[in-house]
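The values are calculated or read from the model by the stated rules, or taken from the named source; none is laboratory data. Owing to the predicted nature of the structure, the values given are computational and were not obtained by experimental measurement. Every residue, glycine as well, gets a Cβ built from its backbone with ideal geometry; the counts of neighbours run over all protein chains shown.
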Amino acid sequence: MSTEPITGGCFCGALRYRIDQVEQVANCHCSMCRRTSGAPFVSWLVVPRGGFAYTQGTPRHLKSSAQGDRYFCASCGTPVACIVAGQPAHIDITLGSLDHPEAFTPAVDVHKRSRLPWVEIKAKPQGNEP
């Protein structure tokens, strides 16, 4: 991927971030992503935590489960990040919060068993994803 920093932030501009490296782009169909976003699924960039930094503002924290911590803008509510206990070296960043989301295409769908029945899977399968 690009060597240029990737930037993004929330709807109101109070929260901004920079990404230096992306390891994967995925659509998540889990019920927690649906409920916290209000969308049928969420597209995420999987980023090494050392390659991510907030450059403006401080996100609010939501402990969404024993395994997940979600971060969002306190002013406008935009979901921005998620850290999963099973992958502590990574942070997932919402693709829709990027300044240029069109630059990334999800390559995999995760938690497909819980997807809504009318959502069509278009991403290419990789490995042994459920």
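Have a look at 68, 86 and point out the one that is free of Cβ contacts under 8 Å to residues at least 40 places away in the same chain and within 23 Å of residue 119 (Cβ to Cβ).
Values: 86 fails: within 23 Å of residue 119 (Cβ to Cβ).
On inspection, the qualifying residue turns out to be 68.
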Which pairs do you get when a residue that is surrounded by fewer than 17 Cβ atoms within 10 Å (Cβ to Cβ), found in segment 21-32, comes within reach of a residue that is part of a helix (DSSP H, G or I), reach meaning Cβ atoms under 7 angstrom, with the pair 6+ apart or on two chains?
21/51; 31/114
Within segment 33-87, track down each residue that is assigned to a strand (DSSP E or B), surrounded by fewer than 16 Cβ atoms within 10 Å (Cβ to Cβ) and in contact with a helix residue (DSSP H, G or I) (Cβ under 9 Å, 6 or more places away or on another chain).
62
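Can you confirm whether residue 110 is at pLDDT below 95 and of a type in the set (Val, Ile, Thr)?
Considered against the rule, which asks whether it is at pLDDT below 95 and of a type in the set (Val, Ile, Thr), residue 110 comes out as yes.
Any chance you could count how many residues in segment 1-29 are outside any strand (DSSP E or B) and farther than 20 Å from residue 105 by Cβ?
Here is the first cut: in segment 1-29, the residues outside any strand (DSSP E or B) are 1-5, 10-15, 20-23, 29.
This time we only want the ones that are farther than 20 Å from residue 105 by Cβ, so: 10-15.
So the answer is 6.
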